[in-house]
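Colleague: Got a structure for you, written out below as structure tokens; questions coming shortly.
The values are calculated or read from the model by the stated rules, or taken from the named source; none is laboratory data. Everything numeric here is computed off the predicted structure, so don't read it as measured data. Positions of Cβ are generated from backbone atoms using ideal geometry, with glycine treated the same way; all protein chains shown enter the neighbour counts. Ligands, DNA and RNA are stripped out before the accessible areas are found, and what is left, the full protein with its side chains, is counted by its heavy atoms. Shrake-Rupley method; radii C 1.70, N 1.55, O 1.52, S 1.80 Å.
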Amino acid sequence: MLFSFGTALCALGTASALVISERGVETRDVSGTAHVYLKESNGPSQHYASGYIYGIPDTPNQIPDHFYSDIAFQYTRAGGAQTPESKGWIGGQDDYTFRWESTLSNYRTARQQGGQFILLVHDLWGADSLQSEDAPFPGDNDDWSFYDEFLSALISDIKDNDLIDGVTIDIWNEPDGRNFWDREQDQYLLMWGRATARFKSELPNLALSGPSVSYPPTPDDEWWNNWASYVVSNQSLPEEHHWHSLSKTFTSTEMLKNYDALLAKYSATREGLVNINEYGHPDEQNPSGSAWWIAQLERANIFGCRANWASAYALHDFMAQLLGKPGAGTDDYDPKATGYYPNGEYQVYKYYASSMVGDRIKTETTMDTNGDVYATVDAEGGVLRLLAGARTTTGTWSIQLEELSALGLPKSGEVGIHTYEFPGSDDPYARLDEPVDLGTVTHKYSEDSLTFPIYSENVYDAWAFEIKF
Ligand SMILES: *[C@@H]1O[C@H](CO)[C@@H](O)[C@H](O)[C@H]1NC(C)=O
């Protein structure tokens with residue numbers, strides 16, 4: 001037993017019972033064994049999971065640099081959404097300009113911090129889910145002139161301000177839902193074809209992405225089939241393949257398999273990167289859920305941006321709820337205030353990005369897919385590091401290390417496992433300055449393999465384990 005908790009574990013042992021937690025979240029049990037195959041490399045670490053949507057203040061340098069570099073910031077997505085002063089293009093020139101300035105500021109911050117930028121066209125238009133019910137959409141009444149003028153303004157602003165390096169244009173966010181596209185899919189597809197043709201001819205160096213649907217693809221889904229069929233015949237399959245994973249459905253490898261199967265129905269194949277450009281249900285946004293997501297994205301070699309569940313200016317702040325500051329989450333919230341501090345989830349990303357250096361090691365989830373582990377081997381420093389968490393589940397599960405001899409260790413003997421805990425809660429603004437050091441426990445092993453238990457007593461906490469070799 002690695003570490004012992006005061007609470008009796010048998011309380012969790014109600015196998016397969018569904019538990020409704022205090023927050024009304026449906027949690028399931030996690031059980032079984034996640035595997036770490038020490039002989040098999042998955043390539044050098046790249047921090048595929050260190051992205052988030054919005055989360056950057058509109059004032060330059062408001063969040064200190066180290067908060068970006070410590071998590072190896074990779075990606076943001078922005079377009080001036082939900083600024084209360086401005087409705088975007090549909091509110092007139094000044095409203096559009098206001099959102100453009102926010103977009104440009106976020107772009108410059110992203111580049112300064114070494115990240116990529118995904119431009120959100122729907123926000124600049126003004127369909128950010130807070131638009132009024134009678135808001136216009138591109139192509140209403142078969143009249144495209146208002147949208148064509150919008151694209152002309154946007155393309156010239158992109159060129160004039162050199163918003164080129166590191167930019168992907170996301171054609172429209174969540175076109176499958178009323179919040180962002182309150183029209184039929186046919187009208188959306190015509191917009192897609194039109195936008196692609198213009199961006200490709202006028203901004204040939206920028207990558208396009210989409211369809212950024214609110215749920216992952218499956219080969220039988222009607223919306224996804226209509227889209228795939230259209231983009232193949234219109235020759236507008238995007239260079240980058242983006243969608244969202246916001247409810248607890250598929251694993252990363254299942255999502256890729258489903259997307260490829262969908263494209264195959266139309267004789268198309270996936271080239272270019274995949275980005276789950278909004279990942280994480282609110283219930284998954286805690287240390288445990290983030291550790292699970294990190295393991296998932298790294299396994300499949302696909303990028304991800306954390307979903308951001310804040311609104312208005314809090315949406316443009318806190319690195320998508322990885323940070324807090326005085327007044328956060330209260331009526332005294334001030335968008336321009338500083339005094340940032342990290343939360344428990346931030347510490348997970350920091351450990352992932354700053355400590356987990358070296359080669360990524362192949363791992364496998366528990367059979368129920370709820371428990372997962374990300375692993376790196378730092379050959380120079382002689383440390384194996386594991387990051388483990390469960391997807392909105394509680395229960396006892398295990399991690400099995402296979403072929404310790406690949407690290408130069410004997411096939412049987414003893415090793416010390418040094419454990420750090422990343423405690424979480426459902427308060428995204430709860431401060432955590434560093435993980436909790438739970439010390440080192442010696443484990444005996446044999447037959448080149450070591451199994452140790454994980455006690456996920458709540459849905460929040462994640463752990464890191466370090467073994468020296
Ligand atoms: C794709 O659709 C758009 C909008 O209808 C059209 O302008 C464009 O020419 C089409 N492209 C191809 C290759 O058919």
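Colleague: Taking Cα atoms, how many degrees apart are the long axis of helix 185-202 and the longest axis of the chain, rounded to 10 and kept between 0 and 90?
Modeller: 80 degrees
Colleague: Okay, moving on. What net charge do the residues around Y420 carry, taking every other residue with its C-beta under 15 Å from that of Y420, with Lys and Arg at +1 and Asp and Glu at -1?
Modeller: -4
Colleague: Something else now. So how far apart, in nm, are the two label points at A312 and D143 if each is 7 Å from Cα heading toward Cβ?
Modeller: Rounded to a tenth, the inter-label distance reads 3.4 nm.
Colleague: Now for a separate question. Apply the Karplus parameterisation 6.51 cos²θ - 1.76 cosθ + 1.60, with θ equal to phi minus 60°, to every residue of segment 260-266 and state each ³J(HN,Hα) to the nearest whole Hz, in sequence, with x for glycine and proline.
Modeller: 5, 5, 4, 4, 4, 4, 10
Colleague: State in Å² the accessible area per residue of the chain; use a 1.4 Å probe, count heavy atoms of protein chains only, and round to the nearest integer.
Modeller: 39 Å²
Colleague: If R₀ is 60 angstrom, what is the calculated FRET efficiency for the pair A197 and K39, using the beta carbon separation as r and rounding to 0.05?
Modeller: 0.75
Colleague: While we're on this one: Take the Cα atoms of segment 26-134, find their three principal axes, and give me the spread along each one in whole Å, biggest first.
Modeller: 59, 37, 21
Colleague: While we're here: Can you tell me the dipole magnitude for segment 82-154 around its Cα centre, using point charges on the Cβ only (Lys, Arg +1; Asp, Glu -1), in Debye to the nearest 20?
Modeller: Its charge dipole is roughly 620 debye.
Colleague: Ranking request for peptides 370-376, 105-111: highest mean number of other beta-carbon atoms within 10 Å first, then the rest in descending order.
Modeller: Answer by packing, highest mean first, reads 370-376, 105-111.
Colleague: How big is the charge dipole of segment 427-469 about its Cα centre, in debye rounded to the nearest 20, if each Lys and Arg gets +1 on its Cβ and each Asp and Glu gets -1 on its Cβ?
Modeller: Roughly 120 debye, rounded to the nearest 20.
Colleague: Okay, moving on. Assigning unit charges at the beta carbon (Lys, Arg +1; Asp, Glu -1) and nothing else, what dipole magnitude in debye, to the nearest 20, does segment 51-353 show about its Cα centre?
Modeller: Here segment 51-353 has a charge dipole of around 980 debye.
Colleague: Now for a separate question. Put E457, E101 in order of accessible area, largest first, 1.4 Å probe: what do you get?
Modeller: On the way: E457 50, E101 100 Å².
These residues rank, largest area first, as E101, E457.
Colleague: Dimensions of segment 51-353 along principal axes (Cα, Å, largest first)?
Modeller: Over segment 51-353, Cα extents along the principal axes are 51, 44, 35 Å.
Colleague: Please list the radius of gyration and Dmax for segment 90-194, considering alpha-carbon atoms only, with Å as the unit.
Modeller: Over segment 90-194's Cα set, Rg and Dmax evaluate to 14.0, 43 Å.
Colleague: May I pose another question? Each residue of segment 332-344 in order: what ³J(HN,Hα) in whole Hz does its phi give by Karplus 6.51 cos²θ - 1.76 cosθ + 1.60, θ = phi - 60°, with x for Gly and Pro?
Modeller: Values, residue by residue: 8, 4, 10, x, 8, 5, 10, x, 5, 9, x, 9, x Hz.
Colleague: Another question about this same structure. Can you list the aspartates and glutamates whose alpha carbon is less than 13 Å from that of K159, not counting same-chain residues fewer than 8 positions off?
Modeller: Hits, sequence-local ones excluded: E202.
Colleague: Sticking with this structure for a sec: Tell me the label-point distance for the pair S425, V232, using the 7 Å Cα-to-Cβ offset, in nm and rounded to one decimal.
Modeller: That separation, rounded to one decimal, is 5.2 nm.
Colleague: Around E184, with a cut-off of 14 angstrom between Cβ atoms, what is the net charge of the other residues, counting Lys and Arg +1 and Asp and Glu -1?
Modeller: Spelling it out: positives minus negatives among the neighbours equals -4.
Colleague: Continuing with this model, one more query. Below 29 Å, Cα to Cα, which lysines can K39 reach? Residues fewer than 8 away in the same chain don't count.
Modeller: Once the sequence-local lysines are set aside, what remains near K39 is K257, K350, K362, K411, K444, K468.
Colleague: Still on this structure: Rounded to whole Hz and in sequence order, give me ³J(HN,Hα) for segment 42-51 from the Karplus expression 6.51 cos²θ - 1.76 cosθ + 1.60, θ = phi - 60°, writing x for Gly and Pro.
Modeller: The phi angles translate into 10, x, x, 5, 10, 6, 4, 8, 7, x Hz.
Colleague: If you roll a 1.4 Å probe over the chain with all protein chains in place, what percent of the accessible area is carbon or sulfur?
Modeller: 47 percent
Colleague: Additional query: Choose one of H244, W293, A310: the residue whose Cα lies farthest towards the positive end of the charge dipole of the chain (beta-carbon charges +1 Lys, Arg; -1 Asp, Glu; about the Cα centre).
Modeller: W293
Colleague: Sticking with this one: Take Q93 and F469, extend 7 Å from each Cα along the Cα→Cβ direction, and tell me the distance between the two endpoints in nm.
Modeller: Distance between label points: 6.6 nm.
Colleague: Non-local amide H neighbours of G32 (under 5 Å, H modeled in plane, Pro and chain starts lacking H): which ones?
Modeller: Under 5 Å from the amide H of G32 lie the amide H atoms of S398, each far enough along the sequence or on another chain.
Colleague: Net charge around H244, counting only other residues with Cβ within less than 9 Å of its Cβ (Lys, Arg = +1; Asp, Glu = -1)? Let's see the in-between values first.
Modeller: Details: positive: none; negative: E174, E278.
That sum, taken over residues with Cβ under 9 Å, equals -2.
Colleague: Whole angstrom only: what separates the Cα centroid of segment 293-363 from the Cα centroid of segment 173-225?
Modeller: Measuring centre to centre over Cα atoms gives 27 Å.
Colleague: Positive end of the charge dipole of segment 242-286 (Lys, Arg +1 and Asp, Glu -1 on Cβ, about the Cα centre): tell me which of T253, L263, V274 has its Cα farthest that way.
Modeller: It is L263.
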